Amino acid sequence: MSKKTWKEIDIASIINKPGSAKDFKTGDWRSQKPVWNEDKCKQCLICWVYCPDSAITVKDEKMTGINFDYCKGCGICAVECPFKAITMVEEKK
Amino acid sequence: MPTIKELTRTGDLFTSGHRACAGCGGTIILRLLMANAGKNTVVGAATGCMEVVSTIYPYTSWDVNFVHNAFENSAATVSGIETAYRALKKKGKIKKDIKFIAYGGDGGTFDIGLQSLSGAVERGHNMLYLCYNNGAYMNTGIQRSSATPFGAHTTTSPAGSKIKGKMQQRKDLTEIMIAHDMKYVAQATPHNWSDLSNKINKALALNGPAFINVLSPCPLGWGSDPAQSIQIAKLAVETLYWPVYEYENGKYKINIKPKKPKDIEEFLFVQNRFKHLKNEKELIDKIRKHLNEKWNELLNKEKCTN
Ligand SMILES: Cc1ncc(C[n+]2csc(CCOP(=O)(O)OP(=O)(O)O)c2C)c(N)n1
Ligand code: SF4
Ligand code: SF4
């Protein structure tokens, strides 16, 4: 994003694009990576509730995967999944 | 009571791309708050981690109207917006039903924002105030607040050879809010997501002010494993460190009563902020005794009001 000078900043520094943080990717913070085993997944969506980074993707009320653009690799989903369908592995870059 | 499936339908009104630490409990709470509150909501925040990490210009994680002004006055700011809304609605200039939420960390709520919160509640504004309580001023580098528990190490209550962390008990803000004769006051944790969702919905359905104090695990400030944030919140309830209860129309209700409470050490020693207490039997006894007294007090209050 190009830098704005103070003259171009909207009054009161209003951000006119709701949810614009989606343009900022936090996936490169990861040192560990969750791996989802779809066969073990029972679609309880507990991982979706607890993921701090909204990185568990859900479509039509079903988990579809993990969005690595945002996942910070905290490991909460792996700890909380009641069916052990998520495991953490080292992130290789 | 919403199911998880129903909650996923709201879409992410608090979006990815925020800069909170990995495993931050505060962001789990905010996601849940917004999944329950829905689109027609105005949110105001006190300065603190959950404001800073979500609104770094020109980015915002908020997909609803959001306002920040200062550390001490999120309740005052939101009560002003709510008043303007009521006036405009009366004139027919706004038709929509809009919900109002103010939130702050424990520093912004228990300490510097207490007067503005108390004032807003006394005036009776139609808003929910949610405190995400991580027990210190985390965003400026872990300074003690009046919510910091006894014995915790912070940078301004450092654990040394003589003084073992903070030597005062935490303030009981939930009870202070109850003393305002509010219709709805509650304590919750993100682990009990369904209980917390219930409480958010009750608070938002109310005509008048509501207050919810939510325990917010902070891997950085608590010195805990990010992956364990939710498990630590669970332990907090199981060890009676954090009673999950509500006060509704004059009646107390303890929502979770651990059948056989776990010992407080199970909560303390998964966090480095308490590690210097390992061999301090007397201090741990003091914490245990305090928690038991508070728990019994709560049981009595429940009995007396029902
Ligand atoms: C009047 C004022 N004093 C000090 C600060 C600096 N400050 C910014 S965030 C913060 C800590 C906030 O602590 P808390 O409310 O507990 O939230 P947390 O960061 O722990 O989430 C402080 C002291 C400020 N912004 N305004
Ligand atoms: S590791 Fe953490 S950030 Fe990544 S998907 Fe799991 S809960 Fe979300
Ligand atoms: S310091 Fe604590 S409260 Fe702040 S973003 Fe990190 S984990 Fe969350």
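Going from the residue with the fewest nearby Cβ atoms within 10 Å to the one with the most, B:Met1, B:Met182 rank B:Met1, B:Met182. Based on C-alpha pairs under 8 angstrom that are at least 6 apart in sequence, chain A has a relative contact order of 35 percent. Counting neighbouring Cβ atoms within 10 Å and putting the fewest first, the residues B:His276, B:His18 line up as B:His276, B:His18. Residues considered: B:Thr140, B:Thr55, B:Thr109. Largest GNM mean-square fluctuation over chain B, using C-alpha springs under 10 Å, is found at B:Thr140.
Is the range A:1-63 best put as rounded, prolate or oblate by its Cα gyration tensor, with a ≥ b ≥ c the root eigenvalues, rounded for a/c under 1.5, and otherwise prolate when a/b is larger than b/c, oblate when not? Taking the square roots of the gyration eigenvalues as a ≥ b ≥ c, the range A:1-63 is prolate. A Cα-only calculation for chain B places Rg and Dmax at 18.9, 66 Å. When the Gaussian network model of chain B links Cα atoms closer than 10 Å, the mean-square fluctuations of B:Ser161, B:Ser197, B:Ser61 top out at B:Ser161. Note on A:Lys84: aspartates and glutamates with a C-alpha under 17 Å away, same-chain residues under 8 apart excluded, are A:Glu38, A:Asp39. Over the protein assembly as shown, the pair-distance histogram of Cα-Cα distances with 20 Å bins from zero comes to 27, 59, 13, 0 percent, rounded to whole numbers.
Seen from A:Ile66, the other residues with C-beta closer than 12 Å to its C-beta sum to a net charge of 0, counting Lys and Arg as +1 and Asp and Glu as -1.
Relative to 2.2 N^0.38 Å, what does the C-alpha radius of gyration of the range B:201-306 come to as a ratio? Two decimals please. Numbers along the way, then the final one.
Values: Rg = 15.8 Å, N = 106, 2.2 N^0.38 = 12.9 Å.
Output field value: 1.22.
Both radii come from the Cα set of the range B:1-159: Rg as radius of gyration, Rh as Kirkwood radius; their ratio Rg/Rh reads 0.99. Beta bridges per DSSP, both residues in the range B:4-304: antiparallel share near 30 percent. Partner shielding of B:21-28 amounts to 6, given as the average count of beta-carbon atoms from other chains within 10 Å of each residue beta-carbon. Between the helical axis of B:25-37 and the longest alpha-carbon principal axis of chain B there is an angle of about 30 degrees.
Spacing of the modelled spin labels on B:Ser161 and B:Arg86, each 7 Å from Cα toward Cβ, amounts to 6.0 nm. Applying both filters, DSSP loop and at most 13 other Cβ atoms within 10 Å, to the trypsin sites (Lys or Arg not before Pro) of the range B:54-163 gives B:Lys91, B:Lys93, B:Lys95, B:Lys96, B:Lys162. Here the Gaussian network model covers chain A, with springs between Cα atoms less than 10 Å apart; of A:Ala12, A:Ala78, A:Ala21, A:Ala12 fluctuates the most. Spin-label model, B:Lys262 to A:Thr5: label points 7 Å out along the Cα-to-beta-carbon direction sit 5.9 nm apart. Among the listed pairs B:Lys5/B:Lys234; B:Lys260/B:Lys286; A:Lys3/A:Lys92, a Cα-Cα separation exceeding 27 Å is found for A:Lys3/A:Lys92. With a threshold of 31 Å on the Cα-Cα distance, the over-threshold entries among A:Lys42/B:Lys96; A:Lys59/B:Lys251; A:Lys93/B:Lys39; B:Lys171/B:Lys262; B:Lys171/B:Lys259 are A:Lys42/B:Lys96; A:Lys59/B:Lys251; A:Lys93/B:Lys39. Unpaired cysteine residues in chain A (no second Cys Cβ under 4.7 Å): A:Cys41, A:Cys44, A:Cys51, A:Cys71, A:Cys74, A:Cys81. Taking Cβ atoms as reference points and 10 Å as the exclusive limit, the residues near B:Lys166 contribute a net charge of +4, counting Lys and Arg as +1 and Asp and Glu as -1.
When B:Glu302, B:Glu72 are sorted by how many other C-beta atoms sit within 10 angstrom of their C-beta, beginning with the fewest, the order is B:Glu302, B:Glu72. Structure note, pairs A:Lys40/B:Lys257; B:Lys166/B:Lys281; B:Lys253/B:Lys294; A:Lys33/B:Lys199: Cα-Cα distances above 22 angstrom occur for A:Lys40/B:Lys257; A:Lys33/B:Lys199. A Förster radius of 51 Å combined with the Cβ-Cβ distance from A:Val35 to B:Arg123 puts the calculated FRET efficiency at roughly 0.45. Measure nothing fancy, just the Cα-based angle from helix B:281-305's long axis to the longest principal axis of chain B, in degrees from 0 to 90, nearest 10. The two axes meet at around 40 degrees. Under 8 Å for C-alpha pairs, at least 6 residues apart: give me the relative contact order for the range B:218-288, rounded to a whole percent. Dividing the mean separation by the residue count of the range B:218-288 yields 30 percent. Relative to the longest principal axis of the Cα atoms of chain B, helix B:114-123 runs at roughly 40 degrees.
For chain B, the Cβ-based charge dipole about the Cα centre amounts to some 460 debye (Lys, Arg positive; Asp, Glu negative; other atoms uncharged). Distance from the C-alpha centroid of the range B:49-67 to that of the range B:101-164: 20 Å, rounded to the whole angstrom. Contact order, relative form, for the range B:132-198: 19 percent (alpha carbon pairs under 8 Å, 6 or more residues apart, mean separation divided by residue count).
Every read-out reported here was derived from the displayed coordinates using simple, explicitly stated rules and does not represent laboratory data. Source: prediction; values computed, not measured. Cβ sites come from the backbone with ideal geometry, for glycine too, and all protein chains shown count toward neighbours.
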